[in-house]
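Asks: Submitted below is the structure of interest, expressed as structure tokens.
Coordinate-derived values only; no laboratory data. Bear in mind the structure is a predicted one, so any value in this text is a computation, not a measurement. Please note: Cβ atoms are built from the backbone with ideal geometry, for glycine as well, and neighbour counts cover all protein chains shown.
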């Protein structure tokens with residue numbers, strides 16, 4: 001696999017994994033792995049890239065932990081927002097005493 005193809009396919013795998021995660025509201029179950037790879041294989045074939053499905057599947061399994069960590073990080077609330085909210089609550093609480 002060429003580096004550029006690898007980057008493109010990695011992006012597609014991540015997008016599909018993330019789409020399914022958001023759709024389900026939780027991390028996709030391992031039974032969804034075939035669905036993710038199949039959707040990406042369609043995109044690969046549409047782009048005219050010849051690549052065995054087995055190679056894409058292996059690549060997905062190697063990168064899955066990275067995708068999971070990235071999505072969990074994206075879905076976490078921003079720390080600045082929490083700090084501002086807690087600071088506002090403290091100020092409001094102090095003012096009412």
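Asks: Could you give me the radius of gyration and the Dmax of region 8-50, taking only the C-alpha atoms into account and expressing both in angstrom?
Replies: In order Rg, Dmax, the Cα atoms of region 8-50 give 10.7, 33 Å.
Asks: So, by mean Cβ neighbours within 10 angstrom, what's the order for 54-61, 2-9, 24-31 with the highest one leading?
Replies: Going from most to least packed, we get 54-61, 2-9, 24-31.
Asks: A further question on this structure: Using a Debye calculation, one point per C-alpha and no hydration shell, please list log10 I(q)/I(0) for region 3-78 at q = 0.11, 0.19 Å⁻¹ in order.
Replies: The computed values of log10 I(q)/I(0) come out as -0.27, -0.76.
Asks: Going highest first, how would you order 73-79, 62-68, 35-41 by mean Cβ packing within 10 Å?
Replies: In decreasing order of mean packing, 73-79, 62-68, 35-41 become 35-41, 62-68, 73-79.
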